[in-house]
Structure formats: structure tokens, C-alpha cells
Amino acid sequence: MGITCRGSRLCGPAPALSIFISYALHREMVKYAAIPLDCALTQIFTVTELNERIRDRLENDPRLHDLWARGEVSNFVYHRSGHRYFTLKDRDSQLSCVLFRNQGYSIGFELRDGQNVLVFGDVGVYRPQGKVQLVARGIKLDEGLGFLHSQFEALKKKLDAEGLFAVERKRALPKYPSRIGIVTSPQGAALQDVLHIIGAYPVQIILSPAQVQGEGAEASIALAVRALSGRADVVIVCRGGGSAEDLWCFNSECVARAIFECDSPVISAIGHETDVTIADFVADVRAPTPTAAAKMAVPDMDELKSWIMQSEIRMVRALWSGLERKGERLEYLSRSISARKMYSLVAEARQRLDFLGECLGAAEEEKLKGLVSRLNLAEGRLAAVGPQATLSRGYAIARSGRGLLLRSEDAKPGDVVELILAKGRLLCRVLESEDTEEFH
Amino acid sequence: MSEREVGLEEALDDLERTVAELEEGKLSLEESLVLFEKGMMLVRLCQSKLDRAERQIESLTGELPPDLSCSKKI
């Protein structure tokens, strides 16, 4: 279907169609390429008729009546007729508004450009100009966010001056917490996110339920934070995304003070990454989301398990290098430690390395194989230098209360000395002490 | 030292110190053997704590999300 219209003059006092409308119609015609060539067969509107048709359509739509619109006042004109004209705009769009003289008395304040207002009225069309406009019947200042914002700034300044945001008082999070307190709504998605990340990490989770939006939310959150006193190693205060109004309870002084006075470090995660609340400033750590907060609170299980494995490997490696050191081989001889214990530990270490090799990737496994063979070597050397092999060939370890007897002057005649044999030991008394050549 | 008395945090910290001390290499062989044995005990303790993990959730008001079965009021 197409609309054709005829006008003798497209501007001036006579009704005009705005460029926008004609442009839109033009696009329609291009889209539906079949333009009826015979104008006589279709209805031809005058501009006035068409504007009337548009007006009828808009003014009969109940959705465009008795509505509230929010925006900023601009291009305000107080016409000498007593009517007030302005444009209501937000970031992306604007709409003409008119407040007729007879409605203007009731608004109770002076309209100015830049004011944030809520306009109550109906959408209409100003026929002479074909202009869609909002006919206001009431206007009030939008104290909503503008007002809240100034409150926010004032509170932020006050608490900052008191030192509630001081960097020096930010506490470090425990590396391995055993109790995590969570302040949030039990029904919220934020709790699910946090629990999902904590997963199987062995930690006691203490939920401190709070109402996180609406009337009474502030007191509820503050109470829930205080209730965790002495019960948690770290506290997560969180809430999923929402409108600025929904998150507003986290900008209250009582919540800020409860977080400040909390006896364990607090991680805040309120709304999305771009939402910053007073609670975030006071918290010891601010997380962009509840998920991120949980990741900060507990170590990653896989990383932790792999770290433990690495610890085993490092210990075996350290032990092995100790065995290799010659100086310590002598020390080993000088103290009667159980050789059997030594061997069993080394054997165990080797077994563990085999096991770890299976758990780790191929690259790690290669490293471990090297380690295992070095360990075998060390074990062999240990056997060679260990007392058992030597003692079983007929040697004995001689020692006194002062230590090993290596030279004749280590014991005087009359001293009691101990001989450790391959099996058992003897207590002997020295009869004579002689300086002789080394035994061959 | 029984398993119940030592928390995971304590065990992991202890393990970290033990490994560092062993790696420093200043100990006698006997001392390092004692330490090694202690370290391996800690490794097993930590692993068992991590493997045995079960979700434990308590609510200060008794109110819990409906899908969490193990509820306990404290």
C-alpha cells in the first residue's frame, strides 16, 4: 500500500509534514517498488489530512496517555502567551514538550535548562507543524538519581575524612581461609556464583542472609555483616547486578560502618564491574563481580594440588642433593642413624616420584625420570658408604662419649669405648694407646 | 599431631616451610631425613584434606537456598 499526498506549499503557515516523515515514506516506497502510477485510483491526502490522521492515531493510543517521562530540560522558552516550551532529552534522544499556561501554576518551581525532571502528560501532535510532542500536565523535579548522587558524594567525603577508606587499614586476605562468611540474599544468583567457585575447596561456609534491595535493606545488610563477627576468616558482601536504585543500599553509612568494623577482611562484590558503591570503598578488597570475589577468597583447587605435588618433588630433590654431599656422608657415619629407615625413605620417595610421573604431563615426566635415576644412584652410593656394608666385612665403628674414635689420642687408657659391629655392640676398656702408622 | 588438630592452612604453611628448609640444605643428613619424613606426612595430610572435602554450609538465620540440602542452623 502506498500513500500519495499533494500539497500546494510545503512550508509557511499551512500544515507541513516534517522532513522526517517524508523521508520515511520515501524509504517505504523504495522498499515496495510497485508505485501505483495511476493516482486517480488511490486516495490522495492533503498534508492537513495526513497530519490529522497521524494525530488521531497517536492520540487514540491509550499507551501514550497519562504517562511519566524522565529526562533533562533543555531549550526552555517561557512564551509571552504564558505557555512553556522545552525539549526533554536523555543521552540518545529528545522530545518536544509543552506546558500550557493553565497547567503551569501547579508545578511549584521554576523550570530551567539542565534540570532533571519527571513529566506527566499525554503524547500529541501539533498539527500545524506535524510535530509530535508531549503535552505536560504536571512536572516535578527528578530527585531520584541527581539527589541521590549528591548524597553519595557527601557521604563519601565524610567517610573518607574519617579514614574509613584509608589504604593503610586494608587488610590482606587469608591465603587458606577455613571459614568464609557470605552476606547476601539466599535467593540471589550472586550466592550461587560464589558457591560454584568455592566448589570443593574444604571451607566452612557461613551464610549471613540479608535483604539486598528495597526498604530496610541497609539495616539488614549492616546487621548481617555484624552477625559474622568472630565467625569468619574472610567475609564476602555481594549482590548481583541491578539498577542504581537497587544497589543504593550499599551506599549507606550504616553498611559502610559495619564493614569497617568487621573483624575479618571484607571483599565487596556489588553489581557489575562498572558499579562502584561506598561499600566498595570501605571493603578491604573490591571485586568486580561475585564470581571474582569467590576466586579471591579461596585458592584454586587444581593449583593447590599441583603445588603440593611440586612440594613432594622439591623435597625428594633436596634430600637427594643432601645425600650426594660428601661432607655429610661422613656425618652420616658419625651418627648412628638407622640405615633401614634411610633406605625405606628413599624407596618411598622413588615410588612417589613414579606415581607423580603418572599424574603430571609428559614434559614433567621426563624431568622426573631423570630425578628417579639420580635417586637410584644416590641409593646405591648410600649403600656403599653406609655402615652396614662395611661392618658386614668385619669392620667396627669405635666411639666414646666424645664421638667417633679416629685417632689413638681420641681415647686414653682406662676409658670405656663402644664398638659397633655388624650385629650388636661391645663396651670395652682401653688398655693401651699407641701412635702408629695408619692401618693398611 | 593428629589430623583433626591441624587445619589445612596450618598444614600448607608448615609444608611450605619444610620444603624451604630442606632446600636450603644447611641441615645435617639426619635432620633433613626427619624433616623429609615430616614433609611427606604433611603432603599426605593436605591431600587427604583436599580429597575429603565436602560442602559445609551453615546459615546464621537458618535460611538457605532451596537447592542446598545440607542445612544447619547455628
**Request:** Mind listing whichever residues of the range A:268-286 are in a loop (DSSP other than H, G, I, E, B), of a type in the set (Gly, Ala, Ser) and modelled with pLDDT of 95 or more?
**Result:** A:283
**Message:** With the requirement that a residue be at the interface with chain B (Cβ under 10 Å from one of its Cβ atoms), of a type in the set (A, V, I, L, M) and either in a helix (DSSP H, G or I) or within 16 Å of residue B:60 (Cα to Cα) (or both), what does the range A:190-202 give you?
**Reply:** A:191, A:195, A:198
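Condition check ((1) more than 14 Å from chain B (Cβ to nearest Cβ); (2) among the β-branched types (Val, Ile, Thr); (3) over 28 Å from residue B:63 (Cβ atoms); (4) touching a Pro at 6+ places or on another chain (Cβ under 7 Å)) across all residues:
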position: A:114; (1), (2), (3), (4): yes, no, yes, no
position: A:120; (1), (2), (3), (4): yes, no, yes, no
position: A:130; (1), (2), (3), (4): yes, no, yes, yes
position: A:156; (1), (2), (3), (4): yes, no, yes, no
position: A:168; (1), (2), (3), (4): yes, no, yes, no
position: A:174; (1), (2), (3), (4): no, no, no, no
position: A:179; (1), (2), (3), (4): no, no, no, no
position: A:205; (1), (2), (3), (4): no, yes, no, no
position: A:211; (1), (2), (3), (4): no, no, no, no
**Message:** Tally up the residues in the range B:54-74 that are surrounded by 14 or more Cβ atoms within 10 Å (Cβ to Cβ), modelled with pLDDT under 80 and either more than 8 Å from chain A (Cβ to nearest Cβ) or more than 27 Å from residue B:6 (Cβ to Cβ) (or both), please.
**Reply:** 3
**Message:** Given the options A:243, A:268, A:220, A:264, name the one that is within 11 Å of chain B (Cβ to nearest Cβ) and among the polar types (S, T, N, Q).
**Reply:** A:220
**Prompt:** Being within 25 Å of residue A:167 (Cβ to Cβ) and not in a helix (DSSP H, G or I), is that true of even one residue in the range A:249-261?
**Reply:** yes
**Request:** For the range B:33-53, indicate whether the set of residues that are polar (S, T, N, Q) and more than 8 Å from chain A (Cβ to nearest Cβ) is non-empty.
**Result:** yes
**Complete:** Of A:140, A:156, the only residue that is part of a strand (DSSP E or B) and among the charged types (D, E, K, R) is A:140
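The values are calculated or read from the model by the stated rules, or taken from the named source; none is laboratory data. What you see is a predicted model; the values in this text were computed from it and never measured. FYI the Cβ positions are ideal-geometry reconstructions off the backbone, even for glycines, and counts take in every protein chain you see.
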